[in-house]
Amino acid sequence: MEVLWPVVVLGGLGLVFGGLLGIAAKAFHVNKDERAEQIAELLPGANCGGCGYAGCNALAVALTEGRAMPTVCAALKTEQLDEIAGLLGVEAQAEVRRVAKVLCSGTCDMAATKCKYEGIRDCVAAQRYGGGEIACQFGCCGYGSCVSACKFDAISIIDGVARVIEENCVGCGTCVAACPRNLITLVPATQRTFVLCRSKEKGAAMKDICKAGCIGCGICAKNCPAEAIEMAENLATIDYEKCTNCGICVEKCPKNVIEYKEEI
Amino acid sequence: MIVDLLLLSITTILVNNFVLVKFLGCCPFLGVSKRVDTAIGMSIAVTFVMTVASAVTYLVQVFILDYFGIGYMQTVAFILVIAVLVQFVEMVIQKISPALYSALGIYLPLITTNCAVLGVAILNITEKHNFIYSVVYGLSAGLSFMLAIVLFAGVREKLSLSNIPKAMQGFPIALVTAGLLAMAFLGFQGLKLV
């Protein structure tokens, strides 16, 4: 008989509490759109903020309320995009995939250093103390602000320069905002040629600062059949809309600053 | 009476700090102490649940467990009470303040299994506190958790900007810091109030 009391009392407690919770659940019921939860599960869940909303859950709510289109999420894969569009009953056309690109080729053996930097290992902090070790005031200082900003493990510092791992990159643009030197841009994933330099230094000065920098000679612009390269402030810039990825500029560049990406 | 309660409160917060001296609630202490604002959110939720749980578990002990003479079912009954309370608090907050809910949302379910909450409930009984003492003890325990976790989060925010050897990054340095903080709190042992 002794075992009966605990069973009865605790069972009773459980029943009473369960009942109370049941009543409370009714009394404090909050209407929720069930689709928001389903959509939140389909979203990447990295809370990168690239869509302009405070995280994936906020975007899911905005989607169900019709305040946003699923295409604002750059990280969505096509299947998930279709599924979300199906849930919402809207047509979703995927945009051209874009990936981040770091426009600097000043690796440790190429770029000259001007000092020894022992401050905070962060690009923004280094920027405030004269730009860190690298002599070039336009190049990648390699302290990895973009690496810590990236939610998808898609950037790493290789040989002193940030490099995007394209399989992981979703084109959310978080790193673009994180770089204090504006070295990162979003480019179409199908683009093959890039001028990997952002330096506006004059050619003669550039030779001392970085062996891999654009000297603004303009040979690429003269040889481009599509007239897609523009020279401004001692720097060649490719217009990705006009570029046909023919690769002539890559061969002509005397400094090998223009990269030709084999795999896309 | 008032003086006694005040002394109990100060003793609990400083001398017998729940996290740094009694080592209760270490999981949330290490888990949600990366940023000060989340630490504050978590500790407010813990304080609230501890205070209410102290009151309710005291009543359960006196009017149910003692009455039926089944004090040995204390742990089971208290866990049940705490879990129900947390569920209830979660529902109420979700209804009343969605903003607070989205800020605390993920921490609330974590509190169910926070040993500090069960610790307060059981200590209230073993130390033979009456109802008012229990409530004040619960509140002070929550505040002691808040003091510890907010201090610790402040230190960790600074640490995240420093140059730490690779082997010590992340949890290792956090554990060492927690140990140093606990040693600092040993200094309050000399404070003989009661």
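The values are calculated or read from the model by the stated rules, or taken from the named source; none is laboratory data. Note that the structure is predicted; figures quoted are calculated from it, not measured. Glycine gets a Cβ as well: all are built from the backbone with ideal geometry, and neighbour counts include every protein chain shown. Surface areas here come from the heavy atoms of the whole protein model, side chains and all, with no ligands, DNA or RNA. Shrake-Rupley method; radii C 1.70, N 1.55, O 1.52, S 1.80 Å.
Here B:Phe18, B:Phe29 are screened, and the one residue that is surrounded by 20 or more Cβ atoms within 10 Å (Cβ to Cβ), more than 14 Å from every other protein chain (Cβ to nearest Cβ) and in a helix (DSSP H, G or I) is B:Phe29. Going through B:Thr51, B:Thr75, B:Thr47 one at a time, which residue ends up being away from chain A (no Cβ under 14 Å) and open to solvent by 20 Å² or more (accessible area, probe 1.4 Å)? Just a single option satisfies the conditions, and that option is B:Thr51. Is it fair to say A:Cys123 is in the same structural domain as A:Lys242 (by TED's automatic domain parsing), hydrophobic (A, V, I, L, M, F, W, C), open to solvent by less than 20 Å² (accessible area, probe 1.4 Å) and under 15 Å from A:Val99 (Cα atoms)? Spelling it out, it is not the case that A:Cys123 is in the same structural domain as A:Lys242 (by TED's automatic domain parsing), hydrophobic (A, V, I, L, M, F, W, C), open to solvent by less than 20 Å² (accessible area, probe 1.4 Å) and under 15 Å from A:Val99 (Cα atoms).
The numbered conditions (1) within 14 Å of another protein chain (Cβ to nearest Cβ); (2) β-branched (Val, Ile, Thr); (3) under 12 Å from the mean Cα position of the chain (by Cα) are all true for B:Thr113 except (1).
Each row is one residue, and each column tells you yes or no for (1) free of Cβ contacts under 8 Å to residues at least 24 places away in the same chain; (2) more than 20 Å from B:Leu85 (Cβ to Cβ); (3) aromatic (Phe, Trp, Tyr); (4) in a helix (DSSP H, G or I).
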position: B:Leu123; (1), (2), (3), (4): yes, no, no, yes
position: B:His129; (1), (2), (3), (4): no, no, no, no
position: B:Ser144; (1), (2), (3), (4): no, no, no, yes
position: B:Arg156; (1), (2), (3), (4): no, yes, no, yes
position: B:Ile164; (1), (2), (3), (4): yes, yes, no, no
position: B:Ala167; (1), (2), (3), (4): yes, yes, no, yes
position: B:Pro172; (1), (2), (3), (4): yes, yes, no, yes
position: B:Thr177; (1), (2), (3), (4): no, yes, no, yes
position: B:Leu180; (1), (2), (3), (4): yes, yes, no, yes
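Taking the conditions exactly as written (more than 22 Å from B:Glu157 (Cβ to Cβ) and either touching a residue at least 40 places away in the same chain (Cβ under 8 Å) or among the small types (Gly, Ala, Ser) (or both)), does B:Gln61 satisfy them or not? Yes; evaluated as a whole, the condition is true for this residue. Filtering the stretch A:67-79 to residues that are closer than 14 Å to A:Glu41 by Cα and open to solvent by less than 60 Å² (accessible area, probe 1.4 Å) leaves A:Pro70, A:Cys73, A:Ala75, A:Leu76. If only residues of the stretch A:179-193 that are among the aliphatic types (A, V, I, L, M) and either surrounded by 20 or more Cβ atoms within 10 Å (Cβ to Cβ) or assigned by TED's automatic domain parsing to the domain that holds A:Tyr53 (or both) are counted, the one that is nearest to A:Gln137 (Cα to Cα) is A:Leu183. A count restricted to the stretch A:144-157 and to residues that are in contact (Cβ under 8 Å) with a residue 40 or more places away in the chain and open to solvent by 20 Å² or more (accessible area, probe 1.4 Å) stands at 2.
For (1) open to solvent by 80 Å² or more (accessible area, probe 1.4 Å); (2) farther than 20 Å from B:Ile93 by Cβ; (3) under 41 Å from the mean Cα position of the chain (by Cα), each residue gets a yes or a no:
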position: A:Trp5; (1), (2), (3): yes, yes, no
position: A:Val9; (1), (2), (3): no, yes, no
position: A:Gly19; (1), (2), (3): no, yes, no
position: A:Ala25; (1), (2), (3): no, no, no
position: A:Asp33; (1), (2), (3): no, no, yes
position: A:Cys51; (1), (2), (3): no, yes, yes
position: A:Ala62; (1), (2), (3): no, yes, yes
position: A:Glu65; (1), (2), (3): yes, yes, yes
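Within the stretch A:176-188, the set of residues being out of contact with any Ser or Thr (no Cβ under 8 Å at 6 or more places or on another chain) and either touching a residue at least 40 places away in the same chain (Cβ under 8 Å) or in a loop (DSSP other than H, G, I, E, B) (or both) comprises A:Arg181, A:Asn182, A:Leu183, A:Ile184, A:Thr185, A:Leu186, A:Val187, A:Pro188.
Considering the conditions (1) under 18 Å from A:Cys136 (Cα atoms); (2) modelled with pLDDT under 90, A:Leu196 is excluded by exactly one of them, (2). Being buried (at least 16 other Cβ atoms within 10 Å of the Cβ) and either closer than 29 Å to A:Val30 by Cβ or more than 13 Å from chain A (Cβ to nearest Cβ) (or both) is the requirement here; does B:Val56 meet it? Yes; evaluated as a whole, the condition is true for this residue. If the condition is being under 24 Å from B:Ser97 (Cβ atoms), in contact with a helix residue (DSSP H, G or I) (Cβ under 9 Å, 6 or more places away or on another chain) and not in a helix (DSSP H, G or I), then the stretch A:13-48 contributes A:Phe28, A:His29, A:Val30, A:Asp33, A:Asn47.
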